[in-house]
Amino acid sequence: MDTTKTPAPNAPEAETTPADLAKTEHDQPAGDPTDVELTGEELDDDELAEDQDEAAEPGHVGSAASAIVAAGLGLVALSGSWVAGIVSERASVTGRLELTQGADANAQIAAQFADPWHATAMVNGVFSALALIIATFVLALPAFSTPERTLPTWVRSVSWAGIALGALGVLLFVLMYFDLLLTIPKAAG
């Protein structure tokens, strides 16, 4: 179905015949870029150029994953982990096994409370230090690569969150391990 309008008979452009109109509709100038057909070879060249453009862009998958891991480790260090619980229980059992029947109260407190407390602090401190190291590495990575390479904003934000959580975890590790946060109870007398 042809939906082209023919000019009015009294219009100046009406001197053209409908066959001329149909011919001009299908004949486009050779320089029109909208209707150029690509051959198979040209198509492959265009796809290759697009692939090269994509390959030239730096990938941020590793940096993004590392930033997320750092923030996750920092969060785990602050909230506690299964590993910290296991290490704490192991320290508690080991301390009880080393106690003798005639051990004084301070030795029992140290074996049942202080050693598991310090073991938990140590594991959480390791997680915090890892979070801090990984997040710092992610933020420092562009400084050691090409100058025009920058990380996406969300990757930098997550890395800064990993640094903040890791630093807070290291601070809590120091306070817990050296008994500055809570002192170990002592038996009277």
### Message
Here is a list: Ala167, Ala119, Ala140. Which entry is within 27 Å of Ala70 (Cα to Cα) and in contact with a Ser or Thr (Cβ under 6 Å, 6 or more places away or on another chain)?
### Response
Ala119
### Task
Can you work out which of the residues in region 155-185 that are of a type in the set (Val, Ile, Thr) and part of a loop (DSSP other than H, G, I, E, B) is least open to solvent (accessible area, probe 1.4 Å)?
Ile184
### Task
Quickly run through region 80-98 and pick out the residues that are open to solvent by 90 Å² or more (accessible area, probe 1.4 Å) and closer than 19 Å to Ala129 by Cα.
Trp82
### Query
Just checking, which of Thr146, Thr120 is on the phi < 0 side of the Ramachandran plot and in a loop (DSSP other than H, G, I, E, B)?
Thr146
### Pairs where the first residue, in region 172-189, is more than 16 Å from Gly80 (Cβ to Cβ) and at pLDDT 90 or above and the second is open to solvent by less than 80 Å² (accessible area, probe 1.4 Å) and of a type in the set (Phe, Trp, Tyr), C-beta under 6 Å, 6+ apart
none
### Task
From the list Pro147, Pro152, Pro116, pick out the single residue that is open to solvent by less than 80 Å² (accessible area, probe 1.4 Å), without any contact (Cβ under 8 Å) to a residue 60 or more places away in the chain and not aliphatic (A, V, I, L, M).
Pro116
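The values are calculated or read from the model by the stated rules, or taken from the named source; none is laboratory data. Keep in mind that what you see is a predicted model, and the values were worked out from it rather than measured. With ideal geometry, Cβ positions are generated from the backbone for all residues, glycine too; neighbour counts draw on all protein chains shown. Just so you know, the surface numbers come from the protein's heavy atoms only, side chains and all, with ligands and any DNA or RNA stripped out. Shrake-Rupley method; radii C 1.70, N 1.55, O 1.52, S 1.80 Å.
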